[in-house]
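All remarks here apply to the structure that follows.
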Amino acid sequence: MEKSFFGVIGLGVMGRSLSLNIANKGFKLSVYNRSTAGEETMVSDFMKNVNSQNEVLGFTDLTEFVSSLERPRKILIMIKAGNAIDVVIDKLLPLLSEGDIIIDGGNSFFVDTNRRKKELKNECVNFLGCGVSGGETGALKGPSLMVGGDKNAYEIVAPVLKAIAGKDKNNNPCCTLVGDEGSGHFVKMIHNGIEYVEMQLLAEIYALLKEEYSNDEIALILNQWNQTDLSSYLLEITSKIFLKKENDAYIIDTILDKAGNKGTGSWSSKIAFDLGSVNTMMSSAVFARYISSFKSKRTQLSQDIKSENSNKNIDLNDLEIAYRFARKINHHQGFELIKNGSQSYNWDLDLSEIARIWTNGCIIRSDFMERSIFLLKDGKNYLDNEEIISFLKNNESGIINILNTGLINRISLNTFYTAYDYWVAITTNRLPANLIQAQRDYFGAHTYQKIGFNENEFFHTNWEQS
Ligand SMILES: NC(=O)C1=CN([C@@H]2O[C@H](COP(=O)(O)OP(=O)(O)OC[C@H]3O[C@@H](n4cnc5c(N)ncnc54)[C@H](OP(=O)(O)O)[C@@H]3O)[C@@H](O)[C@H]2O)C=CC1
Ligand SMILES: O=C(CO)[C@H](O)[C@H](O)COP(=O)(O)O
């Protein structure tokens, strides 16, 4: 029997969509899912969705699955991130041959990907970490693919990845080898960090609007914004969410206000600390999800708090400006983190190319991302651009008015606040850090630098000596 060109392990939400996408592009495919209690029909259910033109073989036996693949074997693992990946790799290894290629398409932590790549290299097996974005629909119709690893291995799987990826405005695939090692998963992790912020900003806008406007009206406002340069996939789906009803009830009003997460947002925040990069907005968006999960505490404490119920009178023009303002800072912080990661890990990442593969297929695709291809050229970031700087300088009052509305009405707007605060701090010539240095020197003799002296000169004061 003719062997399959490509293999997919894992037929969950993403694995089955990617598999159909691959098969629809004409590649002969083998798919595998473990057959555990309660999940025995994953493969047979999948096979029912395969059309007669697709060449797909389904397996619940890993050895048979691997034997069905032509060499070098090209296997995409699309399962839960974490230990499960190591478990599957351990099971695969004895079945593989020199030169075979494993691609991890899940949201794996990039440090694990660095390790796995090294371990597999010792076994003469290639390992690529591929960030996949686009959710269920994107995976089926054209995701954005951020690949990290060796160029030679990438070239072998590129025909499949490029064929299934979404296409940019010039019809080029939203798929690229971003760099070596776990750089693909690093870039996907930051993508998700940016995504968390974009989502939280919309949630805070909802918090402001919902006291004054109906769901239909909120949908209309967001939809109007989506006809402007603010247009994005997340804005589009959010406006649609407000219109969706079940049994005459708006679904949004029936959903418990506890946000979940699977880790990529908090990893992005932790890495920013390690790299000395400032990403206050991502941390704020992660913490907003955590606070939301303290539902019973919030319910208990909210009983003692009087709600003013004042007339909010939100200025929609200011809100639109504040949103535009905060998104610019979010993208700046996100790409700055990528830049810092690139420098620290020697990955030579191309920010403009990353923006390009994020213009279609992925969750944070937007008009602004399209413009970012230009703004991020030659290693530049947003705050190197005069137009961006002048927008931020000239529109402070819009975001201040919105923050004031939040303060007066007890509406938590922390992610908007962190955007503005970052802008204020980064544009302040003299910060009070001189006091921090004095305090450190006082209690710990940590020394300090002096204004007008050489950067390499450090001073110490005996603060208690009169
Ligand atoms: N959903 C999304 O929007 C996106 C998800 N991702 C990432 O893609 C990956 C898959 O996500 P998704 O498809 O949503 O997840 P699902 O929960 O839908 O599917 C999980 C898959 O992993 C398999 N699996 C879980 N544990 C093991 C194990 N120990 N050994 C073998 N197989 C295992 C499951 O098999 P079984 O059915 O037998 O349990 C199933 O096939 C994750 O890393 C996720 O973070 C990336 C981008 C978007
Ligand atoms: O990668 C994704 C989108 O790009 C996944 O949907 C991911 O699960 C989103 O993160 P979280 O579950 O933490 O909200």
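The values are calculated or read from the model by the stated rules, or taken from the named source; none is laboratory data. Since we're looking at a predicted model, the values are computed, not measured. Because the Cβ atoms are built from the backbone with ideal geometry, glycine has one as well, and the counts that use them run over all protein chains shown.
Screening residue 183 on (1) more than 22 Å from residue 79 (Cβ to Cβ); (2) of a type outside the set (Lys, Arg); (3) surrounded by 24 or more Cβ atoms within 10 Å (Cβ to Cβ); (4) more than 16 Å from ligand 1 (Cβ to nearest atom) shows it passes everything except condition (1). Just give me the residues in the range 356-385 being within 17 Å of the chain's Cα centre (by Cα) and aliphatic (A, V, I, L, M), in sequence order. 357, 363, 364, 369, listed by residue number. One residue alone among 277, 269 is buried (at least 18 other Cβ atoms within 10 Å of the Cβ), in a helix (DSSP H, G or I) and assigned by TED's automatic domain parsing to the domain that holds residue 395, and that residue is 269.
Cβ-Cβ contacts under 6 Å between residues 6 or more apart (or on different chains), taken from a first residue in the range 12-27 that is at pLDDT 95 or above to a second residue that is of a type in the set (Asp, Glu), are listed as 13/136; 17/136. Among the residues in the range 47-54, are any within 16 Å of residue 18 (Cβ to Cβ), in a helix (DSSP H, G or I) and of a type outside the set (A, V, I, L, M, F, W, C)? There is no residue in the range 47-54 that is within 16 Å of residue 18 (Cβ to Cβ), in a helix (DSSP H, G or I) and of a type outside the set (A, V, I, L, M, F, W, C).
Could you go through the range 241-251 and let me know if any residue there is more than 27 Å from residue 186 (Cα to Cα) and within 16 Å of ligand 2 (Cβ to nearest atom).
First pass over the range 241-251, keeping only residues more than 27 Å from residue 186 (Cα to Cα): 241-251.
From the residues that got through so far, the ones that are within 16 Å of ligand 2 (Cβ to nearest atom) too are 241.
Yes, the conditions are met somewhere in the range 241-251.
Based on this model, can you work out whether residue 416 counts as farther than 30 Å from residue 178 by Cα and either crowded, with 19+ Cβ neighbours inside 10 Å or outside the structural domain of residue 175 (by TED's automatic domain parsing) (or both)? Yes; evaluated as a whole, the condition is true for this residue.
Looking across the range 244-259 at every residue that is surrounded by 11 or more Cβ atoms within 10 Å (Cβ to Cβ) and touching a strand residue (DSSP E or B) at 6+ places or on another chain (Cβ under 8 Å), the one that is farthest from residue 285 (Cα to Cα) is identified as 244.
Can you tell me which residues in the range 251-266 are assigned to a helix (DSSP H, G or I) and either hydroxyl-bearing (Ser, Thr, Tyr) or in contact (Cβ under 8 Å) with a residue 40 or more places away in the chain (or both)?
Across the range 251-266, the qualifying residues are 254, 264, 265, 266.
At pLDDT 95 or above, surrounded by 14 or more Cβ atoms within 10 Å (Cβ to Cβ) and either under 30 Å from residue 151 (Cβ atoms) or not assigned by TED's automatic domain parsing to the domain that holds residue 159 (or both), is that true of residue 68? Taking the combined requirement at face value, the residue satisfies it.
So which residues in the range 394-434 are of a type in the set (S, T, N, Q) and either under 17 Å from residue 318 (Cβ atoms) or assigned to a helix (DSSP H, G or I) (or both), if there are any at all? Selection gives 394, 395, 397, 401, 404, 405, 409, 414, 415, 418, 434.
Here are 404, 381, 429, 409: which of them is out of contact with any Cys (no Cβ under 7 Å at 6 or more places or on another chain), more than 30 Å from residue 107 (Cα to Cα) and surrounded by 14 or more Cβ atoms within 10 Å (Cβ to Cβ)? From the options 404, 381, 429, 409, the qualifying one is 409. Scan the range 32-40 and tell me whether some residue there is assigned by TED's automatic domain parsing to the domain that holds residue 154, touching a strand residue (DSSP E or B) at 6+ places or on another chain (Cβ under 6 Å) and modelled with pLDDT of 95 or more. Scanning the range 32-40 turns up at least one residue that is assigned by TED's automatic domain parsing to the domain that holds residue 154, touching a strand residue (DSSP E or B) at 6+ places or on another chain (Cβ under 6 Å) and modelled with pLDDT of 95 or more.
Residue-by-condition table, conditions (1) of a type in the set (Phe, Trp, Tyr); (2) over 26 Å from the mean Cα position of the chain (by Cα); (3) loosely packed, with under 14 Cβ neighbours inside 10 Å:
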position: 13; (1), (2), (3): no, no, yes
position: 29; (1), (2), (3): no, yes, no
position: 36; (1), (2), (3): no, yes, yes
position: 48; (1), (2), (3): no, yes, yes
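Candidates in the range 105-149 are the residues that are in a loop (DSSP other than H, G, I, E, B) and either more than 15 Å from ligand 2 (Cβ to nearest atom) or of a type in the set (Lys, Arg) (or both); of these, the one that is surrounded by the most Cβ atoms within 10 Å (Cβ to Cβ) is 149.
For residue 79, indicate whether it is away from ligand 2 (no atom under 16 Å from the Cβ) and more than 12 Å from residue 184 (Cα to Cα). The answer is no for residue 79.
Residues in the range 292-302: is at least one under 28 Å from residue 425 (Cα atoms), at pLDDT 95 or above and either assigned to a helix (DSSP H, G or I) or within 14 Å of ligand 2 (Cβ to nearest atom) (or both)? Break it down stepwise before answering.
Kept after step one, since they are under 28 Å from residue 425 (Cα atoms), are these residues of the range 292-302: 292.
Pick out the ones that are also at pLDDT 95 or above and you get 292.
Pick out the ones that are also either assigned to a helix (DSSP H, G or I) or within 14 Å of ligand 2 (Cβ to nearest atom) (or both) and you get 292.
Among the residues of the range 292-302, at least one is under 28 Å from residue 425 (Cα atoms), at pLDDT 95 or above and either assigned to a helix (DSSP H, G or I) or within 14 Å of ligand 2 (Cβ to nearest atom) (or both), which makes the answer yes.
The listed residues are 341, 406, and the only one of them that is more than 24 Å from the chain's Cα centre (by Cα) and in the same structural domain as residue 289 (by TED's automatic domain parsing) turns out to be 406.
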